[in-house]
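Asks: Pasting a structure here, questions to come.
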C-alpha cells in the first residue's frame, strides 16, 4: 500500500506541476499581451514633453496623472542629464545597474515589467520615459511565492492521494480482518453507498462476506448435526456387540467382535473431534490469568505418564513468562494435542522438550521432538483438517489428522500464531506465539 500511495502521489504531483506551469505560462502571456504598445507610449511621451517645454512642470504633473489613470500605471520622466521631472524611481529600481540587473545577477521584477521610451524634444533635447504598470501580477515573480507554490503542490498532492487511497485502506483493513476469521466484519455503510467503483467494490464485498458466513455456518451446523446423529446408531451397535458376546459369542467370533468394537471406538473418537472443531468456530473463550508454569507442569506430567510405555520423556525448560491470559481449558487442549503428536512420532526412548520464553509482549512455547520430521513442502498442510503426511499413514500411526487443526484454531482464537519447522538436528519443532494480555 505504501508503494501505491507513492505512485498516486507522484502522478498527482506531476499533474499539478503541469497544470500550474501551464497556468503560469498563460498568466505571463496575458501579462505580456496587456502591456501598453510602444506607439501609444511614444505618443503620450511626445505630448508630455511638448506640454512641459511649453507650459512648465505643473502642466506636466497634471497631464501625467491623467495619462497614468488611462494607462493604469506609473510614469517616470527624466531629462538627458538624469534630472527627474516627475516622481523619482523607487529605491530598489534605482539601485540596479544600467542594464537592470540586480546584485543577485537576475533582472528585478520592476525592470522586467517596465517599458522604456526615448522622446526627443525641442532643440534635440532627449528625454527618457519609463512606464511601470500597476503590479497586479507581479506577485507571481518573487522566489518566496515559488517556494510556497511548491509547498502547496506537495501538500495538496498528498491530501488528494490520501483522499483517493483512504477508502482502499479501509477496504484493506476490513478484508484483513475478514481473512483473519472475523466473519462479522463489514465495510461501513457510508463507504458502500458511494456511487463510484470503490463504493461498488465495498457493496460487493459485503454481499460476498454474507454468503461466505452463511456457507460456513451451514457447513458447521451440518457437521454438528451429522455427528450427533451418528452417535445414536453407534451406541446401539455397541449394545448389540455386548449382547452378542455374552449370549452367542464363541471364541472364533469374539476376535471379530473385538475388532468391530475397536473400530467403533475410533469412529466415536473421530466424531468427538469433529464436534470439537465445530464448537471451536462458535465458542466464546473464558479468559483468565493463568500461572503458566504451574499449568504447564500439570500438562507435561500427564503426557509423561501416557508416553512412559514407549519410553519417551517430556521435559519443560524456561522460566518466563510467569503468567498468561487466556482460556486455560482450550489452551490445554491445544498443548496436549501437540505434545501427544510429538510423543507419537518421537523415536522409542526419545525426548520431547517444552521450552517457554517471552519476546516483545508475547509468550513463546516451543515443542521439540527428535522424530522423523515432516517434508518441507508439507509443513503448512499438517494444520489442515484430516491431513496426515504419507509417511505417518504408511507408518501405521494413530490419529485422524485433526489434533493439529484443533490446536491451530484455539491459538488463532487467542489472537496468536502457530508454526512448524524441521529442526537441523532432526525432528519437528512447533511454536506457539500468544499475546501476554
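Asks: Under a plain spin-label model, where a point goes 7 Å from the Cα along Cα-to-Cβ, how far apart in nm are residue 240 and residue 384?
Replies: Going by the 7 Å Cα→Cβ label model, 3.6 nm.
Asks: Once R0 is set to 60 Å, what does the formula 1/(1 + (r/R0)^6) return for the Cβ-Cβ distance between residue 151 and residue 184, expressed as a FRET efficiency to the nearest 0.05?
Replies: About 0.85, to the nearest 0.05.
Asks: Still on this structure: For the residues 163, 295, what sequence is obtained by ranking on other C-beta atoms within 10 Å, fewest first?
Replies: 163, 295
Asks: Could you give the length gained by full extension between residue 40 and residue 262, i.e. 0.36 nm per residue of separation minus their alpha carbon distance, to one decimal place?
Replies: Value of the extension gain: 68.3 nm.
Asks: How long are the three semi-axes of the equivalent ellipsoid of region 183-282, in whole Å, if each is the root of 5 times an eigenvalue of the C-alpha gyration tensor, listed from largest down?
Replies: Result for region 183-282: semi-axes of 53, 9, 8 Å.
Asks: Can you put 44, 352 in order of Cβ neighbours within 10 angstrom, beginning with the fewest? Could the numbers behind the result be given before it?
Replies: On the way: 44 23, 352 27.
Result, fewest neighbours first: 44, 352.
Asks: Can I ask one more? May I ask you to sort 419, 405 by Cβ crowding, counting other Cβ atoms within 10 Å and putting the fewest first?
Replies: 419, 405
Asks: Just the Kirkwood number for region 288-435, please: inverse of mean 1/r across all distinct Cα pairs, in Å, one decimal.
Replies: 15.4 Å
We did not get these values from a lab; they are worked out from the coordinates using the rules stated. The model shown is predicted, which means the values in this text are computed figures rather than measured ones. When we count neighbours, we look across all protein chains shown, and the Cβ atoms used for this are built from the backbone with ideal geometry, even at glycine.
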